[in-house]
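Only one structure is covered here, and it is reproduced in the block below.
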Amino acid sequence: MTDPSGYYRPMLCADSVKPDDALWFQGGPLWFSRCVRLDRGRAPCFVEPEQVPADVLLRFTSRPVPICGLALDRTRIMGVLNVTPDSFSDGGRYDTTERAVAHAAEMVSEGADILDIGGESTRPGADTVPADVEIERVVPVIEALRSGGITAPISVDTRKSVVARAAVAAGADLLNDVTALTYDSDSLATAAELEVPVCLMHAAGDPKTMQEKPSYGDVVLEVLDYLDTRVRAAENAGIPRVRILVDPGIGFGKTLDHNLALLNNLAVFHGLGCPVLLGVSRKRFIGTLADEPVAGRRAPGSIAAGLAGVRQGVQMLRVHDISETRQALAVAARLTA
Ligand code: HH2
């Protein structure tokens, strides 16, 4: 997307009164009749859809291809399952296979469309976990879920190709990599060979150091360019674009202002032609904005941020609080003004 003709964000609306010349965003229910053009070093300006390059406009208007059998005509809920002792909000709560399986089943019954299972915390300052330890944490849980009849798609949150391979062999359907398949030099080829969808997330630096001094010229355009480069690298490795989700990586090497700039411009990421996944759940910026130091008490702020994503057409929300989020999405879907 390092495009001399600029970057475009459709101004998405849900209003039941729609101008005749408005275009449906990816088949509805959101629509747009104007876009914002973003350029480095220039003030954003309004443009008509006719001024948007045809390939980008087509990405704004075409229905996305389902991921793991999930139609993306509404925002899907990805339930977080951290089988770790040290995750920032639920570390140690589900670190036995029994407890993890019970929580996964509970999340599915509450309305999770897909489960994201991780065996290594990526919170700021977290230590790296050896691959064999990560495999010992996630594989028995995936196996137990599959043998226990849980049919919901399972994503594995890992940076390591051997973990990805073991998880898919056990029954996982999607690879969620917070380093966009850059951490491990075998990851691109492994993902292509496994023929499963991947989520490519932007993170600036390693979890250990990423919050030390994050700095960008233009955070939105830099994250966009990075994801564009990674989508192209994935395509070149044999992963078709229809199997790729993108994620701006809220909180990964970003200050409060960076996170807010990304959240307020999320719709620009639809120009990449991939469904957008958003992870805001319980994150530190919510604690900062709402003065809530306890991560487990951040569900209301997480839902507010998630709904802002829904209004910008985000196709998947990665959340800890399933029933609360599902209820908010159900109500928000019927409110159109
Ligand atoms: N956030 C976390 C972990 N994985 N993956 C994607 N695609 N997007 C995210 O925003 C994202 C992610 C961090 O949250 P959590 O898993 O709750 O914590 P921890 O990394 O401490 O286990």
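The values are calculated or read from the model by the stated rules, or taken from the named source; none is laboratory data. Because the structure is predicted, anything quoted here is derived from the model rather than measured. When we count neighbours, we look across all protein chains shown, and the Cβ atoms used for this are built from the backbone with ideal geometry, even at glycine. For accessibility, only protein heavy atoms count, side chains too; no ligands or nucleic acids. Shrake-Rupley method; radii C 1.70, N 1.55, O 1.52, S 1.80 Å.
Of note:
- Projected area, mean over directions - region 207-337, Cα convex hull, nm²: 9.2
- Inter-probe distance in nm under a simple model that places probes 7 Å from Cα toward Cβ, at ASN264 and THR96: 4.8
- The trypsin sites (Lys or Arg not before Pro) of region 139-189 include none that meets both criteria, a DSSP state outside H, G, I, E and B (loop) and at most 12 other C-beta atoms within 10 angstrom of the site's C-beta.
- Contour excess over end-to-end distance, with Cα ends at GLU235 and GLN327 and 0.36 nm allotted per residue: 29.5 nm
- Surface composition of region 203-316: carbon and sulfur atoms hold 53% of the protein heavy-atom accessible area at a 1.4 Å probe.
- Shape analysis of region 1-142 yields a ratio of the Cα radius of gyration to the Kirkwood radius, Rg/Rh, of 1.14.
- Per residue accessible area in Å² of the chain, where ligands, DNA and RNA are left out and the probe is 1.4 Å: 42
- Segment GLU106-ALA304, extension gain: residue separation times 0.36 nm, minus the distance between their alpha carbons: 69.0 nm
- Intensity falloff of the chain expressed as log10 I(q)/I(0), Debye formula with alpha-carbon point scatterers, at q = 0.12 Å⁻¹: -0.81
- Estimated Rh, region 149-289: Kirkwood, alpha-carbon pairs, angstrom: 15.5
- Ligands, DNA and RNA left out, the accessible area of region 1-101 computed with a 1.4 Å probe is 53% carbon and sulfur.
- Evaluated with a Cβ-only charge set (Lys, Arg +1; Asp, Glu -1), region 212-309 carries a dipole of roughly 360 debye about its Cα centre, given to the nearest 20.
- Largest first and in whole Å, the equivalent-ellipsoid semi-axes of region 94-165 read 21, 13, 11, each the square root of five times a Cα gyration tensor eigenvalue.
- With 10 Å bins from 0: P(r) over region 75-220, alpha-carbon pairs, percent: 12, 42, 35, 10, 1
- Of the residues GLY306, GLY238, LEU12, the one whose Cα sits farthest towards the positive end of the charge dipole of the chain is LEU12 (charges of +1 on Lys and Arg Cβ, -1 on Asp and Glu Cβ, taken about the Cα centre).
- Debye-formula intensities of region 70-116, expressed as log10 I(q)/I(0) at q = 0.15, 0.23, 0.29 Å⁻¹, are -0.41, -0.79, -1.03 (one equal scatterer per alpha-carbon, no solvent).
- Listed residues GLN26, VAL294, VAL133: farthest to the positive end of the dipole of the chain (Cβ charges): GLN26
- Helix-derived mean residue ellipticity, 222 nm - over the chain, DSSP H n ≥ 4, -39500 (n - 2.57), to 500: -10500 deg cm²/dmol
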